Every structure is written in structure tokens, then in C-alpha cells.
Amino acid sequence: MGTYFAIVTCRNSEDDIRAALTSLKDQTFAPQYVIVVDDGSTDKTSEILTQTKQSWQSLYVIKHDDLGYDISRVVRNWNEAIIYSRSKELAHTTYHMIATDDTTYPPGYAEELVNFMDNNSNIAIASGDYTKYMPEKPHGAGRFVRNSFFEQTHWGGLYPELMGYESAILYESERLGYCYAILPDARFQHSRPLGKHHKFYEFGASMKTLGYHPVFVWGRFAKYLATGEVTGRIGAFNMLYYYLSYKPKTIGYDRLYDDQLRKFVREIQKRRMLSAISGKKPEKYRQ
């Protein structure tokens, strides 16, 4: 059976972090190790992590100074955890799991995901679900990533430190000939409301940096507005506003992805829109 390690990023998570880590420790198929990146917590999070580590030898904690809240550091912290696992020569695993400080998983969650991916070698990325609707893509939290795929990516076994990195990895999986999947029966709990901090700024702005087709964006806006799914109706307006108004930077986290990926994203979206219009079954990109 494939193995995995888990990454958890947190900041001022004293109300949630203990439960989040306990749910990973109590998995019927446990992670080889868990790396927590504490991004400058000023509450009791660091104390809780120290206490937890005393009885959990395979828990590793990276502690940062407090530099204030900055959403762009999340992906940087993921990469720091991956680099840490390599530099410390921790076990090389089949998968890595992206967990968060506000998610808890039932005991059989990891076993179900790993079994599924072991039996479907074409799946690069998969997650369970916590919502009341069927998502279009695997969630960021609860996501398992096949490391043999990940090491082939355009970014050389790390995440792109650009806005929209969660979607970029999914498109990269398709570009390399893989699929991704959502397992709706693998349920987990997510306590922090989506959009609480960013108000769907990154949803809209990253559509621009990734090169989303304008018709695809308007279609997604219409769907979210009509159904209230994912963003809620106010969030749908925020998403569209940020897509229309955002001006990408030339360097840093807010810059455009390379032309090759942006062209690929548009081509994929064109094919899906044509499939929807024709009524033909779209290409298989989820299970």
C-alpha cells in the first residue's frame, strides 16, 4: 500500500489545531510523518504544537516569526515543508497530503484515498469532500498528490509560488496526461468559512493569471450566482469583479503563469465548453 506524509500550515489556530492534528494521528492508515509550519502565531498555537510533539515523534514543527497575515506565504510554507522533508532525509513516500489547521478527517479517510489512488495509477490528485454539492475539482484541503507525478511538473517537485497554485497543479496534471478525482463519500469537516479572509479575491484574480477563457469565467459566475454554490452569491460578484479588474504584476506571487500553461488552460476550457454545448460527454477529468 502506498505511503504518505502530511503538510499542515497554521497561524493563530489555538481553537482548531489540536483537533486537526489528532484527526491525522488517529487515521487507520497513518502518515509516515506530519510537518507543521507555524506561520508566526501569536496565540497559544506554538504551545499546543510543543505539547503535541512530546508524544508524537513523527511530528515535525517549523516555526516562523510573526510577519503578519499574508496569504501568499501558504504556498511558500508548503514548499518549505517539502524541502524540509528532503533536507532531513525523511522517508520518501508515494503521496503527500495537504491538510489544514481547520480540517478534521474521519479515521478511514486516508486509507480510502490511498487505496483509490493505488488502484488508479492515472490519478495524480484526489480529495474527499466536505460540501453539500459536487465540486468540480479536488479541494485544496484533504488533497492527496502522487509524488511521482509531482516530481515531473513544470516546477520541479515544488508548488508554483504564484496565485492560483492549487488550480495550476490540477491543469499541470492534465497536461502531463493524468486525471484528478473527487471521492464524494470520503467526507471531512472544514470549520472555517470559505472566503473568510480573501473574499474570493484570489478566485477571480487567479483566473486572470492562469489565462482562463472569458466565456468560461462568465459561465462559472452565472452558475455560482444561480445556485449559490462554492462562493455564495455575493462571493460570485466578488470573483467576477476581481477577474475583470485585476492587473497582473510582472514579478512575484501576482504575476502571470507562463504562456504554455495559460494556452493549455484555455484550450482545455474551450473543449469543455464545446462538449457542454454539443451535449457530448466531456473528456474524463474527474471520477
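Things worth noting here:
- A DSSP coil position with no more than 11 other Cβ atoms inside 10 Å describes the following trypsin sites (Lys or Arg not before Pro) in the range 39-147: Lys88, Lys132.
- Approximate spin-label separation Thr22-Ala91, in nm, with each point projected 7 Å along Cα-to-Cβ: 2.4 nm
- Between Glu267 and Arg255, the simple label model (points 7 Å from Cα in the Cβ direction) yields a spacing of 2.4 nm.
- More than 25 angstrom apart: percent of Cα pairs within the chain: 47 percent
- Tensor-based shape of the range 137-213 (alpha-carbon gyration tensor, a/c under 1.5 rounded, otherwise prolate or oblate): oblate
- The spread of Cα positions in the range 20-157, taken along each principal axis and listed from longest to shortest, comes to 41, 33, 31 Å.
- The calculated FRET efficiency for the pair Arg187 and Asn122, based on their C-beta separation and a Förster distance of 22 Å, comes to about 0.35.
- Between Lys199 and Ser245, the contour length at 0.36 nm per residue exceeds the Cα-Cα span by 15.1 nm.
- Listed from fewest to most Cβ neighbours within 10 Å, the set Cys179, Cys10 follows the order Cys179, Cys10.
- Normalised by residue number, the volume inside the convex hull of the Cα atoms of the range 201-277 is 80 Å³ per residue.
- Computed over the chain, the per-residue total of -39500 (n - 2.57) for DSSP H runs of n ≥ 4 gives a 222 nm mean residue ellipticity of -12500 deg cm²/dmol, rounded to 500.
- The ratio of the alpha-carbon radius of gyration of the range 73-127 to the globular-protein estimate 2.2 N^0.38 Å is 1.29.
- Cα-based shape type of the range 122-267, given that a ≥ b ≥ c are square roots of the gyration tensor eigenvalues and the cut on a/c is 1.5: oblate
- Residue exposure proxy: Leu158, Leu49, ordered by other Cβ atoms within 10 angstrom of their Cβ from fewest to most, comes out as Leu158, Leu49.
- Rounded tilt (10° steps) of 232-245 against the dominant C-alpha axis of the chain: 70 degrees
- Chymotrypsin sites (Phe, Trp or Tyr not before Pro) restricted to DSSP loop in the range 42-77 with at most 13 other C-beta within 10 Å: Tyr69
- Helix 165-175 and the longest principal axis of the C-alpha atoms of the chain enclose an angle of approximately 70°.
- Within a Gaussian network of the chain (alpha carbon springs, distance under 10 Å), most fluctuating of Leu240, Leu170, Leu274: Leu274
- You can think of it this way: the chain between Thr50 and Ile277 has 76.2 nm of extra reach, that is 0.36 nm per residue less the Cα-Cα gap.
- The range 209-281: trypsin sites (Lys or Arg not before Pro) in DSSP loop, at most 12 other beta carbons within 10 Å: Lys280
- Annotation for Arg175 and Ala226: the two label points, set 7 Å from Cα along the Cα-Cβ direction, are 3.1 nm apart.
Rule-based calculations on the coordinates, nothing more; no lab input. Here the structure is a predicted model, which means the values were calculated and not measured. When we count neighbours, we look across all protein chains shown, and the Cβ atoms used for this are built from the backbone with ideal geometry, even at glycine.
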